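Here's the structure, in structure tokens; my notes come after.
The values are calculated or read from the model by the stated rules, or taken from the named source; none is laboratory data. Computed from a predicted model, the values in this text were never measured in an experiment. Cβ atoms come from the backbone with ideal geometry, glycine included; neighbour counts cover every protein chain shown. To get the accessible areas, we keep the full protein, side chains included, count just its heavy atoms, and leave off ligands, DNA and RNA. Shrake-Rupley method; radii C 1.70, N 1.55, O 1.52, S 1.80 Å.
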Amino acid sequence: MKKSVIIGIAAVIVLIGILGSFTITYDDEYKLIRRFGKIERVETESGIAFKIPFIEKADAIPKNIQLYDIAPSDVITMDKKTMVTDIYVLWHVTEPLKFAKNLNCSVINAEARINTAVYNSMKNVIGKMTQSEVIMARDGMLNDNIMKGIGSSIDQYGIELVSVETKRLDLPSDNKDAVYERMISERNQIAATYTAEGASESQIIKNNTDKDVSIMISNANAQAEKIIAEGEAEYMNTLKEAYSDAGKAEFYSFVRSLDAAKASLKGENKTLILDKNSPLAQIFVTK
């Protein structure tokens with residue numbers, strides 16, 4: 001019976017030793033193998049790895065992206081206005097050995113370092129901006145500036161920030177209405193200034209256009225007068241040539257007389273009285 005008990009105990013010890021000789025590394029984690037508390041190696045790939053039972057111990061470190069929700073806090077802007085910020089951070093472990101040595105494999109310790117780095121950067125960034133600039137930077141520029149402010153300050157812990165995102169960026173409830181009214185008033189003043197400048201520019205454009213149109217009309221009238229004068233001069237030259245020869249002058253006078261007679265006989269019951277010496281009367285004289 002004693003022999004059976006001893007064999008059973010030995011079998012259990014062997015089974016525990018066999019089971020303790022292996023460790024499983026999953027896809028979303030790193031495994032640190034420690035020997036008497038000292039880090040011996042890091043398993044970065046998923047699968048089954050061998051370790052010495054009773055001597056080596058395996059610790060898991062998360063590999064996937066972690067979300068850390070930072071508690072809301074007050075930050076003072078450059079124009080001494082208070083803003084309430086509520087942000088969260090996405091981060092992950094990139095160097096498990098550094099993470100283990102500097103943070104003792106603790107996610108809580110990592111989040112404490114992240115909290116300090118993000119808050120200091122956020123305070124510095126917002127402290128260099130006015131309240132209006134902070135509000136207008138909520139489209140992503142503020143988050144980018146906070147990330148730039150953090151820089152490589154947390155690389156020493158073997159972690160990397162994926163992004164800093166703003167959940168809420170608001171005014172304290174006690175002065176929110178007053179600030180909104182002031183901002184609306186400022187925007188109305190800016191809009192009025194733009195409207196006045198636009199109206200002034202519009203009037204200048206209209207005046208310049210009217211001036212250009214007047215100059216164009218004046219030039220067109222001058223050109224027209226010039227053409228008319230040239231036409232009249234040409235007409236007078238034609239008349240001069242017509243009257244320069246006696247035969248042409250007599251024929252021209254005769255044609256003008258016919259035109260005059262034709263014009264006077266338009267309508268009904270018209271009578272044309274001619275002098276016997278008139279060139280027209282001579283037409284009807286029988287020779």
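One table, with the values for the structure above:
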quantity	calculated
Most to least accessible of VAL118, VAL84 (protein chains only, probe 1.4 Å)	VAL84, VAL118
R0 of 25 Å, Cβ-Cβ distance ARG182-ASN120: FRET efficiency to nearest 0.05	0.25
Simple Cβ-charge dipole of the range 38-105, Lys/Arg +1 and Asp/Glu -1, about Cα centre, in debye nearest 20	240
Long-range lysine pairs (8 or more apart or interchain), the range 18-129, Cα under 26 Å	21
Potential lengthening between THR193 and PHE254 on full extension [0.36 nm per residue; Cα-Cα distance subtracted]	14.2 nm
Whole-percent carbon and sulfur share, accessible surface of the range 100-215, 1.4 Å	50
5 angstrom amide H check on MET129, placed H, neighbours 5+ away	MET78
Pairwise FRET efficiency - ALA220 versus ASN277, Cβ, R0 = 35 Å, nearest 0.05	0.10
Where labels lie 7 Å past Cα in the beta-carbon direction, separation of SER163 and ILE55 in nm	4.8
For the range 89-137: accessible area per residue (Å², 1.4 Å)	45
